[in-house]
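A.B. asks: Attaching a single structure in structure tokens format; questions to follow.
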Amino acid sequence: MRAWPVLAFVLSPLVTGALLVGLGQRVGGAPALAVAPPEQRCTQPPVYRVGYKREDNGILPLGAGFSFQGVAWLEVNLCSPGTLVLTADGEVAGGEPPVLHVALNSRTLLSESFRERRTLRLRIPEAGLLTLSYFNDYYRSEARVATLENFRVQGAGCQGLRAVNVPPETGGAWWPDLNLASLVSNVPMSLTPCGPGELTLRVLGRAGGGAFPKLTFTQEGRTLLEVETGKRRRAVRVAVTGVPVHITLTNPFFRQLADRNLNVRRLEFRPDPPTLP
């Protein structure tokens, strides 16, 4: 299971959100994957390093190998020709299995899809930079997403907000330049008015599990307002003081629908024996 996903929004006249890849899975008790600094030269046995990962959990240790949870690749400098022995399987999603790409010095040696677990032996013809890559990641989920925008405070002594805080645990985000926030979990966001006045904003929601998100506004433990969002923007007005206002999505819903991953459970390089003069 992935945890609450991180959200990325593409703004349109209806401001919606697209769930991206979530937080990591697994792996209890697995040894750490050895990762070499970029400047390290070839070693035997080889030491792998992360060349790129789109997400923090893009590559996770898995037994004697590793698991690709998102778009990523590994690199290793090989000292000699030899044979790469790997055992892998895949989690099919979106009608397709994951595909592993292996290249040596930027030349493709293998592009192989994996469903059931199987072992391959791949000839490595020379020393050089070996890259193992996973590009066809796929993930889908369903979640209730609340969008809040155009925060304003109008008061006799001041106007505006002193601070807005949307913790990562909300599953959403805060875009200060857009004056827009999103919520997915029941972890509250908070905003601090500049002083007493009227807080105004607009809210809308994306349904999940057949229902739209509900929001509760509280201040100093007192409920100020309860709002049910919908697919159309709704104006919200509420009197506040100058202390933080907490906004909570009270009926979160999240369901993972599909998650394609590539599991390389064994990875061994067997160098060719040295040749006699």
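A.B. asks: On the basis of being in the same structural domain as residue 238 (by TED's automatic domain parsing), touching a helix residue (DSSP H, G or I) at 6+ places or on another chain (Cβ under 7 Å) and within 21 Å of residue 220 (Cα to Cα), does residue 161 make the cut?
C.D. replies: Answer is no for this residue.
A.B. asks: Moving to a separate point now. Whether any residue in region 165-174 is out of contact with any strand residue (DSSP E or B) (no Cβ under 9 Å at 6 or more places or on another chain), assigned by TED's automatic domain parsing to the domain that holds residue 238 and surrounded by 13 or more Cβ atoms within 10 Å (Cβ to Cβ) is what I want to check.
C.D. replies: Yes: region 165-174 contains one or more residues that are out of contact with any strand residue (DSSP E or B) (no Cβ under 9 Å at 6 or more places or on another chain), assigned by TED's automatic domain parsing to the domain that holds residue 238 and surrounded by 13 or more Cβ atoms within 10 Å (Cβ to Cβ).
A.B. asks: Go through (1) at pLDDT below 95; (2) part of a strand (DSSP E or B) and name the single condition residue 157 misses.
C.D. replies: Failed condition: (2).
A.B. asks: Can you list the strands (runs of 3 or more DSSP E) lying wholly within region 76-119 that have 1 or more residues being over 28 Å from the mean Cα position of the chain (by Cα) and closer than 19 Å to residue 263 by Cβ?
C.D. replies: 82-91
A.B. asks: Then there is this: Give the residues of region 192-222 that are out of contact with any Ser or Thr (no Cβ under 6 Å at 6 or more places or on another chain) and hydroxyl-bearing (Ser, Thr, Tyr), sorted by residue number.
C.D. replies: Passing the criteria: 192, 200, 218.
A.B. asks: Within the set of pairs 6+ apart or on separate chains, which have a first residue in region 100-113 that is not assigned by TED's automatic domain parsing to the domain that holds residue 132, a second that is at pLDDT 95 or above and not acidic (Asp, Glu), and C-beta atoms under 6 Å apart?
C.D. replies: Partner pairs satisfying both residue conditions: none exist.
A.B. asks: Please determine, by comparing only the residues of region 64-75 that are over 15 Å from residue 90 (Cα atoms) and over 18 Å from the mean Cα position of the chain (by Cα), which one is surrounded by the most Cβ atoms within 10 Å (Cβ to Cβ).
C.D. replies: That would be 74.
The values are calculated or read from the model by the stated rules, or taken from the named source; none is laboratory data. All figures in this text were calculated on a predicted structure; none of them were measured in a lab. Virtual Cβ from ideal backbone geometry, glycine too; neighbours counted across all protein chains shown.
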